[in-house]
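Input: a single structure, listed below in structure tokens.
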Amino acid sequence: MDKFVIEGGYKLKGRVKISGAKNSALALMPAVLLNNGINRFENVPEVNDIFTMIKLLKHLGVSANFENNNLELNSSNITNQDAPYEHVKKMRASVYVLGPLLAKYGYAKVSMPGGCAWGPRPINLHLEALEKLGAQIILDGGDIIAKADRLHGANINFDISSVGATGNTIMAAVLAKGESKIQNAAIEPEITNLCEYLISMGAKIEGIGSSTLFVDGVDELNAANGEIIGDRIEAGTLLIAGAITKSKIEIEYNNINHLGAVLSKLKDSGAKITINNNLIEIDSSNIDAKSIDVSTAIYPGFPTDMQAQWISYMTLANGTSTVSDNIYTDRFSHVPELIRLGANIERVNNMAIIRGVKKLKGAKVMSTDLRASASLVLGGLVADGKTEVLRIYHLDRGYEKIEEKLSRLGANIERIKTVEF
Ligand code: EPU
């Protein structure tokens with residue numbers, strides 16, 4: 001298990017390019033199961049969750065070729081519709097194969113994803129929507145077995161806005177007979193990216209980008225090429241790296257409008273933000289950050305996937321701030337680790353109360369999930385002395401070459417291969 005060793009206190013400087021969004025790629029890749037042919041994707045990040053999805057698709061019969069962020073998936077020869085536990089346990093997004101397999105092949109068996117590091121993450125909304133589209137669903141021995149001769153259009157009104165349930169439902173509805181109306185659909189950019197890709201396959205979807213989608217099912221879909229949008233969470237994480245180290249850096253990122261809530265909070269904290277086409281400059285040179293409260297919300301609100309990183313930033317701000325997570329109320333495993341670095345954080349239910357301290361001090365800390373790990377790296381960049389971030393395999397699931405990017409910006413960070421007993 002690799003670890004990062006970070007020597008804190010180095011200023012950052014320069015420009016860094018943001019990779020493709022893993023959460024977009026994870027939604028678009030299973031969509032190839034809806035067609036029979038060669039699909040090419042550009043800007044796919046080379047991170048472990050993508051390799052996990054490739055392995056799952058290969059298990060289903062898709063052949064894959066992945067080089068230099070270009071991914072080719074050939075779905076002409078699907079051999080089975082069974083996503084077993086060994087794949088799903090590694091990554092919950094595996095459940096994205098359920099909708100397309102069911103819609104195209106009338107059958108899917110997908111192992112039920114369990115809880116995750118920060119508590120339960122149900123998939124009831126996915127299953128209820130598929131049932132409305134005419135699927136018969138049974139749970140058997142830890143597997144979801146879904147069957148339908150052909151799905152039919154339906155009215156679906158989600159109680160909670162869910163990225164995954166929206167993605168799965170759209171991928172099922174595009175091949176259903178008749179029209180579906182999906183209300184309270186997620187409007188996250190990754191869902192828009194998916195809808196646009198499905199349209200290039202020949203799907204009929206209206207209302208893209210809004211919370212009401214109309215999907216008119218078609219009989220078949222053709223293979224198509226897609227481009228993965230830039231990763232708004234990586235962009236936000238690196239901007240905070242600039243802010244927390246009181247540096248001036250630039251990020252190269254094509255989808256600046258996806259970052260509104262994060263940029264606005266950064267500005268409130270005192271960081272100077274300048275936008276020039278696809279470049280965002282953050283200048284926090286000699287700026288003491290102000291304490292700014294954050295409350296996570298569905299898009300376009302402040303993303304839950306940036307909550308941990310914001311807490312890190314606030315540990316050194318002037319005054320007291322609160323960070324509440326309304327999407328995943330238990331997603332705070334980074335808090336005790338940041339406290340090991342000297343942060344003053346109290347957790348009350350779904351809220352962290354952060355009292356800014358003058359400095360953090362390097363220590364050994366443990367990654368517990370992807371974004372928590374990112375927050376520890378941010379802490380390490382400013383902590384006095386040496387911080388070791390253990391178990392960075394979590395980070396490797398979703399950040400492409402993060403230590404190379406940070407090193408190029410001037411951080412002192414090194415990956416060490418370790419064997420844990
Ligand atoms: N929910 C239900 N029932 C469901 C589905 C969701 O109650 O059937 C609830 C969840 O418990 C949560 C809320 O709905 O409270 C929203 O969850 P959502 O379904 O939107 O999350 P997801 O699709 O499982 C994606 C991202 C997550 C990100 C969330 C929220 C992917 C592969 N994952 O998960 O990304 O946190 O949306 O934006 O797109 C990450 O990248 O670190 C990550 C965890």
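The values are calculated or read from the model by the stated rules, or taken from the named source; none is laboratory data. Model, not experiment: these values are computed from the prediction. In case anyone asks, the SASA skips ligands and DNA or RNA and just uses the protein heavy atoms, side chains included. Shrake-Rupley method; radii C 1.70, N 1.55, O 1.52, S 1.80 Å.
The figures follow:
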| item | result |
| --- | --- |
| For the range 268-361, alpha-carbon Rg over 2.2 N^0.38 Å | 1.11 |
| Cα pair distances exceeding 16 angstrom across the range 145-219, given as percent | 41 percent |
| The range 65-217: C-alpha gyration tensor shape, a/c 1.5 cut-off, then a/b vs b/c | rounded |
| Kirkwood-Stokes translational diffusion coefficient of the chain, alpha-carbon pairs, 37 °C, 0.692 mPa s, µm²/s | 150 µm²/s |
| Percent RCO, i.e. relative contact order, over the range 71-208, from Cα pairs under 8 Å lying at least 6 residues apart | 21 percent |
| Contour minus Cα-Cα distance for L139 and Y107 (0.36 nm per residue) | 10.2 nm |
| Centre separation in Å (Cα based) which lies between the range 259-307 and the range 226-247 | 10 Å |
| Surface accessible to a 1.4 Å probe, per residue, for the residues of the chain, Å² | 40 Å² |
| Cα convex hull of the range 1-146 - mean projected area over all directions, nm² | 11.4 nm² |
| 21 Å tail of the calculated P(r), the range 349-421, as % of Cα pairs | 29 percent |
| 21 Å Cα-Cα threshold exceeded, pairs from K248/K364; K358/K417; K246/K361 | K248/K364; K358/K417 |
| Rg(Cα)/(2.2 N^0.38 Å) for the range 276-421, N = residue count | 1.04 |
| log₁₀ of I(q)/I(0) at q = 0.13, 0.21, 0.27 Å⁻¹ - the range 208-287, Debye sum with one point per alpha carbon | -0.52, -0.92, -1.32 |
| Gyration tensor (Cα) of the range 67-140, equivalent ellipsoid semi-axes in angstrom | 22, 19, 11 |
| CD proxy at 222 nm, helix term only [per DSSP H run n ≥ 4: -39500 (n - 2.57); per residue of the chain; nearest 500] | -8500 deg cm²/dmol |
| Coordinate range along principal axes, alpha carbons of the range 159-305, Å, largest first | 60, 33, 17 |
| The chain: most fluctuating residue of R150, R371, R232 per GNM, C-alpha cutoff 10 Å | R150 |
| Value of relative contact order over the chain, rounded to a whole percent, pairs C-alpha under 8 Å and six or more apart | 21 percent |
| Rounded percent of accessible protein surface that carbon and sulfur make up, the chain, 1.4 Å probe | 46 percent |
